[in-house]
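First the structure, in the form of structure tokens, and then the observations on it.
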Amino acid sequence: MHTCPLCTTVSQAATNPLHIATLAECTAFLGENQGCQGWCVCVLNEHVVHMDDLAIARQERVFAEVARVARVVRAASLRHRWGNDIQAPRINYECLGNVVQHVHWHVVPRHANDPTPKATVWGWTPEQLQGDATPQQRAGIAAILREMLKAST
Ligand SMILES: [Zn+2]
């Protein structure tokens, strides 16, 4: 039987407090990792393993959605001073697929308080990656991004 954790995540988005938006190509969630506050993951709605298997026009639509989420994450970071930001954070865009082979993009805001600003986050410990936000705080971050994304284009 085909079991893909991200297919499951997409199919259960409606009851997920970390769901941010269901867009034409991707479903956006607040990431389980909140060591960078506002970290989002955009999951392709369909099970596809390789980004380059998508037609170019579709790749463009996917990335337009990823960039839209990134703009909202930058604006929210600044508005709410996530990670002590006094300017919008740098965004790391990552489409890896090493662990889960279903196209998804990480939108990782690297805030002012970032401990390793010149490296990727993947050298962090699991605890650093996860961050210390409570489930309620995570749902609150997701709600902020959900509202701001609705108002964005
Ligand atoms: Zn899948």
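From the list 10, 41, the lone residue that is within 15 Å of the ligand (Cβ to nearest atom), open to solvent by less than 40 Å² (accessible area, probe 1.4 Å), without any contact (Cβ under 8 Å) to a residue 60 or more places away in the chain and closer than 20 Å to residue 67 by Cα is 10. Does residue 62 satisfy the criteria of being touching a strand residue (DSSP E or B) at 6+ places or on another chain (Cβ under 9 Å), more than 21 Å from residue 143 (Cα to Cα), assigned to a helix (DSSP H, G or I) and within 16 Å of the ligand (Cβ to nearest atom)? Judged against the criteria, residue 62 is a match.
If you check residue 66 against the conditions, is it touching a helix residue (DSSP H, G or I) at 6+ places or on another chain (Cβ under 7 Å), in contact (Cβ under 8 Å) with a residue 24 or more places away in the chain and crowded, with 20+ Cβ neighbours inside 10 Å? Spelling it out, it is not the case that residue 66 is touching a helix residue (DSSP H, G or I) at 6+ places or on another chain (Cβ under 7 Å), in contact (Cβ under 8 Å) with a residue 24 or more places away in the chain and crowded, with 20+ Cβ neighbours inside 10 Å.
The listed residues are 5, 17, and the only one of them that is open to solvent by 50 Å² or more (accessible area, probe 1.4 Å), under 30 Å from residue 114 (Cα atoms) and within 12 Å of the ligand (Cβ to nearest atom) turns out to be 5. For the stretch 95-111, the criterion of being open to solvent by 30 Å² or more (accessible area, probe 1.4 Å), within 16 Å of the ligand (Cβ to nearest atom) and part of a strand (DSSP E or B) is satisfied by at least one residue.
The values are calculated or read from the model by the stated rules, or taken from the named source; none is laboratory data. Predicted model, so just to flag it, every value in this text is computed and none were measured. Please note: Cβ atoms are built from the backbone with ideal geometry, for glycine as well, and neighbour counts cover all protein chains shown. The protein model used for the area step is the full one, side chains on, heavy atoms only, and it has no ligands, DNA or RNA in it. Shrake-Rupley method; radii C 1.70, N 1.55, O 1.52, S 1.80 Å.
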